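Step one of this worksheet: look at the structure below.
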Amino acid sequence: MSLAIIYPNRDVSNWVAALHACDPTLKVEVWPEIGNPEDIEFALCWNQPAAVLQQFPNLKCISSLGAGVNHMLNDSTRPTDIPLARLVDDDLKQSMAEYVMLGVLEHFRRFKDYRQQQTDSVWKAQQISHISEMGIGIMGCGEIGRYVANKLSEFGFSVYGWSRSPKEINHIPVYSGNDELDGFLKKANILVCLLPLTPETENILNTQSFNRLPPKAYLINVARGSHLVDSDLLSALESGQLSGALLDVFREEPLPKHHPFWSHNKITITPHVASVTNPKSAAAQIVENYRRARNGEALLNIVNIEGGY
Ligand code: NDP
Ligand code: OXD
């Protein structure tokens, strides 16, 4: 019996090594080189091709290779009677916190202006507000959002959260539900999207939301490209309602060469690298989940399929 890694067009030797470091006896197969499909009990997937999961009649668990599961839930060929798990991982949280902190500080300390000034040989100090006056709104206070919120708050920013259900995070005010969205947005000089992509959150970064933010707000989207209405971002940058954006995720990835975001001087682009799963740190929970699935025990980090995350 074995575990299959299904990650098309990727060298997954680091995953195989990390899984074997946790359990040298584990039989790992890498799709499409699967011996007997009946042996596969656990599928570890990222961007699996349609219908691939239907080949395995003895599957006991499907797991995302990342935190997000929208790619799995959108696969209409996924066997719906098999439980779905995802990754919750300390390295993933830390790495996301590094990325968001960098984006926040770069904007707050006006480094883009200084880069332009260097190009123009201009010596001029830019005005900045006090760190405590810089409101940062974190949309999505789950495993990653909560961690990022705490790091920014510890650093001295005024941090606000927004989630579906009410919750408490240390000294950070958390707004919840659609009724409290406007109250949350109006505090956010920098808006960070860390929501899962669901039917409720798709297109949530739109003109209406941007207009609720303080003027010249800054957007950081590290969640999914389909949270953002691309044309609404371009209009908000044009009008000055938004002063800039840092985008790590896009509706189509890789971002097509002709896309207007590439050449926009107020947009910074990274290629979906805000937080990349580290096999060495994530492998143990996968091996443990495989053990649990085989023994019929409750799985770790199970996805609420109805809720969409
Ligand atoms: P979680 O599932 O732990 O957290 C999701 C949060 O979003 C929860 O706080 C949840 O609220 C909130 N939420 C969900 N739906 C709504 C809604 N309709 N309205 C308001 N709040 C809502 O996810 P993670 O923190 O682990 O990951 C978040 C996302 O980050 C992933 O789904 C993925 O898309 C993205 N990601 C991106 C990476 C990158 O490199 N760019 C890397 C890793 C993740 P509640 O707490 O009430 O349930
Ligand atoms: C994830 C991602 O969801 O890398 O883990 O986007």
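The values are calculated or read from the model by the stated rules, or taken from the named source; none is laboratory data. All figures in this text were calculated on a predicted structure; none of them were measured in a lab. Cβ placement follows ideal geometry from the backbone for every residue including glycine, while neighbour counts extend to all protein chains displayed. We work out accessible area using only protein heavy atoms, side chains counted, and drop any ligands, DNA or RNA first. Shrake-Rupley method; radii C 1.70, N 1.55, O 1.52, S 1.80 Å.
One table, with the values for the structure above:
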| quantity | calculated |
| --- | --- |
| Length gained when the stretch SER132-GLN54 is fully extended (0.36 nm per residue, less Cα-Cα span) | 22.8 nm |
| At R0 = 22 Å, FRET efficiency that the Cβ-Cβ distance of PHE155 and ARG110 yields, to 0.05 | 0.80 |
| Region 1-131: relative contact order in percent, alpha carbon pairs under 8 Å with at least 6 residues between | 19 percent |
| Segment ILE82-ALA17, length gained on full extension (0.36 nm per residue, minus Cα span) | 20.8 nm |
| Distance between region 294-309 and region 121-190 - C-alpha centres, whole angstrom | 30 Å |
| Rounded to the nearest 20 debye, dipole of region 12-129 from Cβ charges on Lys, Arg, Asp, Glu | 720 debye |
| The chain - share of DSSP beta bridges that are antiparallel (%, nearest 5) | 5 percent |
| Prolate/oblate/rounded call for the chain, Cα gyration tensor, a/c under 1.5 rounded | prolate |
| Candidates THR198, THR268, THR77, ranked by Gaussian network fluctuation over the chain, Cα under 10 Å, top entry | THR77 |
| Among ASN206, ASN70, ASN178: highest mean-square fluctuation, GNM of the chain, C-alpha pairs under 10 Å | ASN178 |
| Solvent-accessible surface (1.4 angstrom probe) belonging to LYS27, in square angstrom, nearest 10 | 100 Å² |
| Cα centre as origin, Lys/Arg/Asp/Glu Cβ charges: region 138-233 dipole, Debye | 240 debye |
| Cα-based shape type of region 180-240, given that a ≥ b ≥ c are square roots of the gyration tensor eigenvalues and the cut on a/c is 1.5 | oblate |
| Candidates LEU181, LEU247, LEU65, ranked by Gaussian network fluctuation over the chain, Cα under 10 Å, top entry | LEU181 |
| Of LYS93/LYS187; LYS93/LYS216; LYS151/LYS257; LYS151/LYS216; LYS60/LYS151, pairs whose Cα-Cα distance is over 26 Å | LYS93/LYS216; LYS151/LYS257; LYS60/LYS151 |
| Packing-based ranking, highest mean first, of 232-240, 85-93, 142-150 given that Cβ atoms within 10 Å are counted | 142-150, 85-93, 232-240 |
